[in-house]
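In what follows, a single structure is set out as structure tokens and then discussed.
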Amino acid sequence: MWGHVERVHPDGSAVAAAIRSAARLARPSVPPVPNYKLSMSIPEWLQAIQTYMKMLQYNHTGTQFFEIRKSRPLSGLMETAREMTRESLPIKCLEAVILGIYLTNGQPSVERFPISFKTHFSGNYFHHVVLGIYCNGRYGSLGMSRRSDLMDKPLTYRTLSDLIFEFEDSYKKYLHSVKKVKIGLYVPHEPHSFQPIEWKQLVLNVSKMMRTEVRKELEKFARDMRMKILKPSSAHSPAKERSRGKSLSPRRRQATSPQRRACRRDKSPAVVDKKGDLATLNEVGYQLRI
């Protein structure tokens, strides 16, 4: 990390040496985690969350402080989000999405879904992700970025396509051309769910599509999401229809324990060696088992 600081900071190795050799450093400030109040409106609550993310600051160090694996279940990602609030370290766009989901849990009127962008600039491809928000018929977003107009958007956009086109226009200011847009499904409000986040239910190659086509696909997808008819691609196959009086569980063979089999064998008449007949018979004539 210090080598990265020496490469990118204007003062180079001098600032790194000054920090590392300092006897006493000021204790970093720890921003308080926002708490929802009944008097707050949803836009005010979203603004409080975004302000908290900005106080954590964007991570320019080149080192990622929190490991985020997209395939992890939601419960594991929420544990990472709790760690972010405890450590209060700078975050990047992917950490901001997980933190935004964590802080908006418990608000059933607020639907959250990931929006990913793949852009091209100066021969290189770049990836970015924000947390899309839908509430009361309006769209917005939460997130973190090096650019102030590529992270949070107010909850004022009437359609999902208006929100996506706003991001596309913001990218054009920095000479980035948007190649692909990926949109996931609504994230459930159950923090203990073992279901992973669906990150790319819809993938649009916007660089090869007209805006009218993009708008049509986005509005159809948004309508299906609002009607809750879309299912994750990782969902299990539908359950079989249960017949009356029949169980769906496979029939089990009645296994016989070794002890019971042994008892059954004991009940069979014993074959006594003729030479030992006299030794195992009592005076009444019954056989004695040893």
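Of the residues LEU150, LEU155, LEU99, only one is buried (at least 23 other Cβ atoms within 10 Å of the Cβ) and at pLDDT 95 or above; which?
LEU99
Could you tell me which residue of the stretch 173-212 is surrounded by the most Cβ atoms within 10 Å (Cβ to Cβ), considering only residues that are assigned to a loop (DSSP other than H, G, I, E, B) and among the small types (Gly, Ala, Ser)?
Pass one, the stretch 173-212, residues assigned to a loop (DSSP other than H, G, I, E, B): 174-176, 184-195, 197-201, 205, 209-210.
Still in the list and also among the small types (Gly, Ala, Ser): 184, 193.
Values: GLY184: 24, SER193: 15.
Filtering first and then ranking leaves GLY184.
Could you list all residues from the stretch 20-66 that are open to solvent by 90 Å² or more (accessible area, probe 1.4 Å) and modelled with pLDDT of 90 or more?
Within the stretch 20-66, PRO32, ASN35, SER39, GLU44, GLN47, LYS54, MET55, GLN57 meet the criteria.
Can you tell me how many residues in the stretch 158-172 are outside any helix (DSSP H, G or I) and either touching an Asp or Glu at 6+ places or on another chain (Cβ under 7 Å) or open to solvent by less than 10 Å² (accessible area, probe 1.4 Å) (or both)?
Final tally of qualifying residues: 1.
The values are calculated or read from the model by the stated rules, or taken from the named source; none is laboratory data. No experiment lies behind these values; they were computed from the predicted model shown. Here the Cβ is made from the backbone with ideal geometry for all residues, glycine too, and neighbour counts use every protein chain on show. Just so you know, the surface numbers come from the protein's heavy atoms only, side chains and all, with ligands and any DNA or RNA stripped out. Shrake-Rupley method; radii C 1.70, N 1.55, O 1.52, S 1.80 Å.
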